[in-house]
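For reference, the structure is listed below as structure tokens.
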Amino acid sequence: MLQLSRTEYRCCAVFLMQDHSTRRVCRLHDFTKSLAIERNTLYCVAGKVNSADKLYLVIESVKRDSKHAWSSTAHAPVDGAEGSSVF
């Protein structure tokens with residue numbers, strides 16, 4: 001999962017994160033406010049689903065995703081040179 005945004009509330013921090021493979025966006029809640037999730041880094045997230053009135057995930061653990069390489073969403077130039085000069 002990739003962090004899109006983080007919002008601090010009185011009771012928790014809420015992360016908006018996107019699943020790398022499905023591109024679905026999820027709202028994750030950190031009630032400890034102790035997680036240091038960095039932007040532009042992929043993570044594996046585990047937790048408990050709470051569905052009292054809205055479906056969301058309460059984060060229990062987070063670790064960097066070592067199985068998936070980061071892939072930029074930047075487009076390569078049409079000529080395929082990717083900014084390098086040809087000699």
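The values are calculated or read from the model by the stated rules, or taken from the named source; none is laboratory data. Keep in mind that what you see is a predicted model, and the values were worked out from it rather than measured. Every residue, glycine as well, gets a Cβ built from its backbone with ideal geometry; the counts of neighbours run over all protein chains shown. With ligands, DNA and RNA removed, areas are computed over all heavy atoms of the protein, side chains included. Shrake-Rupley method; radii C 1.70, N 1.55, O 1.52, S 1.80 Å.
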Quiz item: Does region 8-26 hold any residues that are at negative phi, out of contact with any His (no Cβ under 7 Å at 6 or more places or on another chain) and in a loop (DSSP other than H, G, I, E, B), and which are they?
Solution: Tyr9, Arg10, Cys11, Asp19, Ser21, Thr22, Arg24
Practice problem: Might you check whether a residue that is of a type in the set (Val, Ile, Thr) and modelled with pLDDT of 85 or more occurs anywhere in region 52-72? | Solution: no
Quiz item: Of the residues Leu35, Leu4, which is surrounded by 14 or more Cβ atoms within 10 Å (Cβ to Cβ) and of a type outside the set (S, T, N, Q)?
Solution: Leu35
Exercise. State which residue is modelled with the lowest pLDDT when the search covers only region 38-51 and only residues that are open to solvent by 40 Å² or more (accessible area, probe 1.4 Å) and in a loop (DSSP other than H, G, I, E, B).
Key: Ser51
